1. How do Met30, Met177 line up, fewest other C-beta atoms within 10 Å first?
2. Within a Cβ distance under 15 Å of Lys163, other residues only, what is the Lys/Arg minus Asp/Glu net charge?
3. So, in the chain, how many Lys pairs have Cα atoms under 15 Å apart, if the pair is 8 or more places apart or on different chains?
4. Find out how many positive minus negative residues lie around Ala218, taking Lys and Arg as positive, Asp and Glu as negative, among other residues whose Cβ is under 13 Å from that of Ala218.
5. So what is the relative contact order for region 184-273, in percent, with contacts set as C-alpha pairs under 8 Å and at least six apart?
6. Counting other beta carbons within 10 Å of each Cβ, put Val96, Val217 in order, fewest first.
7. Loop only by DSSP, 12 or fewer other Cβ within 10 Å of the Cβ. Give me the trypsin sites (Lys or Arg not before Pro) in region 196-270 that pass, ordered by residue number.
8. Let me check against my output: what whole-number percent is the relative contact order of region 22-91, with C-alpha pairs under 8 Å and at least 6 apart?
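Quick note: the coordinates plus some simple rules give every number you see, no bench work behind them. Quick caveat, the model's predicted, so the values are computed rather than measured. Cβ sites come from the backbone with ideal geometry, for glycine too, and all protein chains shown count toward neighbours.
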Amino acid sequence: MGPIGIFDSGYGGLTILQDIRQRLPQYDYMYLGDNARAPYGPRSFDVVYEYTLEAVQELFGRGCELIILACNTASAKALRNIQQNDLPTIDPEKRVLGVIRPSAEIIGQYSETNTIGVLATQGTVNSQSYILEIAKFSPHCTVYQHACPMWVPLIENNNHETKAGREFIKEDVEKLMKMNDRIDTIVLGCTHYPVLKEYIESIVPKGVNVISQGAIVADSLADYLLRHPWMDSKCSKNGTIQFLTTESVEEFNQNANNYIDANVKATHIHLGR
Ligand code: DGL
């Protein structure tokens, strides 16, 4: 038995962990933020895959049986390879799940105009994952995407609430909204972006839904554990959370509270060569 692993390039996945823990407080969690190598968004397919696989192996090595890639970029660029090519040789009894599929599954339900906007990293946008996945579940919806390469660095460095930071964010949101004035639902397709939700809601026209993924992923995980009792029985349940970071522990402990309501005392680890 082991904790459920939650992985992100940095702090963003904490927004997912916050909702997962509220929904499923009885489980143990092990969060890993690869802060030293964030952002992943501008990195190539191969590099995101290599870094994500290293993180997954680290979490498996620390006892996790089930891992959530709480990072859209890693879900878009590494998940399928890991599931199809790596898991069978690492351990076919372990599982790695992502955040794009659960979000794509239900997003169509929010839109009355069947016109959806996606804000995400360059890597996620280039992968076309949201377009392809939403088309499977809501083929009647048209999806527009806009990449926001500045947002993760702004958030990781805590500059998203500065005047300049807000200007950048506003410009990007306006670019998405200009693609089609029928957009009535915006997916925050990066786990860092929920910290901007209120601000984004304040600048989009009234009635536009701004959807963050935390609650959606938490519901989907609860459902997964219910449907897979063999996996559920391998997830320990003492209500604990451990935090691992590849960057400075002091910085992580201090910043983590912007994303999660928890007493964070992280451990430093090294990934890769
Ligand atoms: N939180 C990651 C995501 O959901 C951010 C990726 C990055 O590091 O650029 O895509």
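1. Met177, Met30
2. Here the charged neighbours net out to -1.
3. The result is 4.
4. Its environment carries a net charge of -1.
5. Reported relative contact order: 23 percent.
6. Val96, Val217
7. Lys206, Lys265
8. 36
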